[in-house]
1. Quick check: residue separation of residue 205 and residue 109 times 0.36 nm, minus the Cα distance between them. What number comes out in nm?
2. Just subtract the alpha-carbon distance of residue 314 and residue 213 from 0.36 nm times their residue separation and send over the number in nm, one decimal.
3. Report the label-to-label distance for residue 554 and residue 29 in nanometres (one decimal), using points 7 Å from each Cα along the Cα→Cβ vector.
4. How do 401, 374, 649 line up, fewest other C-beta atoms within 10 Å first?
5. Give the Rg/Rh ratio for the range 19-153, taking Rg as the radius of gyration of the Cα atoms and Rh as the Kirkwood radius, to two decimals.
6. Subtracting the Cα-Cα distance from 0.36 nm times the residue separation, let me have the gained length for residue 437 to residue 167 in nm, one decimal.
7. Take every Cα pair under 8 Å in the chain that's 6+ residues apart, average their separations, divide by the length, and report that relative contact order as a whole percent.
8. Sort 351, 652, 429 by Cβ crowding within 10 Å, fewest neighbours at the top.
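Computed from the coordinates by the stated procedures, all read-outs in this text should not be read as laboratory data. Just so it is clear, the structure is predicted and the values come from calculations on it, not from any experiment. Methodologically, a virtual Cβ is constructed for each residue, glycine included, from the backbone with ideal geometry; neighbour enumeration extends over all protein chains shown.
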């Protein structure tokens, strides 16, 4: 359209080719274990065919050249020559082809482009199995050339800092077993000053070797490898080679030894927040922090200075108080009417204390509410939001400006049935099921183990979707329209939450803030299917719990069709076939729940599918994989992830 209106230029033609032309590139990839079929992520646009070529990189030659270069003691040092991980750039851009070995593989792949010139990402399975570094080229038919370096590891070097040195663990990268008898070479360098001149520098080299012990360990003492050096670590034997690029071998941090017995003050106030003119009631206990406390405190009868300071640090209260037999001190402080607002400190100097706040409350004259759809909307649909401002005596705010912002972020709604220990461990503590990675793409399983608390979700910043400032209507309302179609196009693989924040400023320049939210979900609701145990034996009774919920946890009632499928696994890792064994017609109640009981009659793996139809005719499926074992184990009947934990029940008591 731009070319039609304003004419074709070289710059516009290039921009158009970027959109309509065949294009592809590799996504960044981490190192992988050798012998397991390395995979790559390839992102493309408009292309229908790509040819891949793999070349081996001579890492051993590169390492020898780096050490020879440093032994020649060049000044200044070319740091680019020491960056081993940047070998792909050096081969392509600096024409260092002496490190490029023979071609080891070539294969082609047909591509199915996304419509409307959108990007699409596919997983490329390579034929590379042997350890080493490879330069892989991707030539798009009638398009561009992309390159990436892939590292396949057979040996892993794990470095751990100790108080007096560094411990190296040499392990097999595939199964983690230790590798004894490997030769470990350490090559280090540092730049030292020979005289007062800024350029009077020289290069100092150090190198030595060790051999891994029976557990694959090598201990490097701090006096052997000074931390001022940058060390290259190379481990090899007759067929293995591994290395760690230049880094310092810093000793571990020694945790300071705190006194076995510490004296502390614990303080409380009768309220966390006060108004000017209120009386602050406080109590403090001065004790020794010890597990062996006596009934009578060693501080009984001793006087202590109690201080209170305002937000500016000014001392507003100081009094000498005597501790009781338990080391307790109590008192009160009358706040003046003109007391500064903010956070005050209450303490016994050298022992500790606490904080409290002084605030002045002003009753708002009107309220601001944000009203949108009560239930989650379908991702891709449009919706409207109404902002209302109303005085507390009932009349609308008519002379005001409304400033609003709409923020969008990914919404990870999750729901688990209530269990007795939710208050302690959190919802879903009992669920240990993992998502089978061998199921067909798009398979539905909602109730899987929650993400551990110590493993945080990736921090995803919110997106500003809309903002504006408009006068309020005569009825005290403002309506804004929002559309989620673009979000569905760009981020259609997740649910989203839209938060609407409205600031209403009236004629007196007083500002009141209100907020609300709307959830845009891929599905109208979710169906959770959970057997009461992680696995069963032939002859056991299987109890299945079905729960239909919206993404925000509200129950959904409707017809439920439960089907039991037997999974027939195929050799070679292809998705299994499914054979229907039995079906039930159920109904979810007002709480969105349904229950089913069945008999575990034959060993194997099964998929239990529950399809719920709500009052509006919308159908959603939920499923779970069921494992039944017999006396004789037939491996062809089962398939699992690389690591799974299957429990015979959800909770255990001490002694079970």
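1. Details: separation 96, 0.36 × 96 = 34.56 nm, distance 4.87 nm.
Between residue 205 and residue 109, full extension yields an extra 29.7 nm.
2. Working: separation 101, 0.36 × 101 = 36.36 nm, distance 6.39 nm.
Full-extension gain reported as 30.0 nm.
3. 4.7
4. Working: 401 15, 374 7, 649 10.
Ascending number of Cβ neighbours within 10 Å: 374, 649, 401.
5. Result: Rg/Rh = 1.05.
6. On the way: separation 270, 0.36 × 270 = 97.20 nm, distance 3.55 nm.
Stretched fully, the residue 437-residue 167 segment lengthens by 93.6 nm.
7. On the way: 1421 pairs, mean separation 55.0, N = 656.
This gives 8 percent for the chain.
8. Working: 351 19, 652 9, 429 16.
Ranking 351, 652, 429 by Cβ neighbours within 10 Å, fewest first, gives 652, 429, 351.
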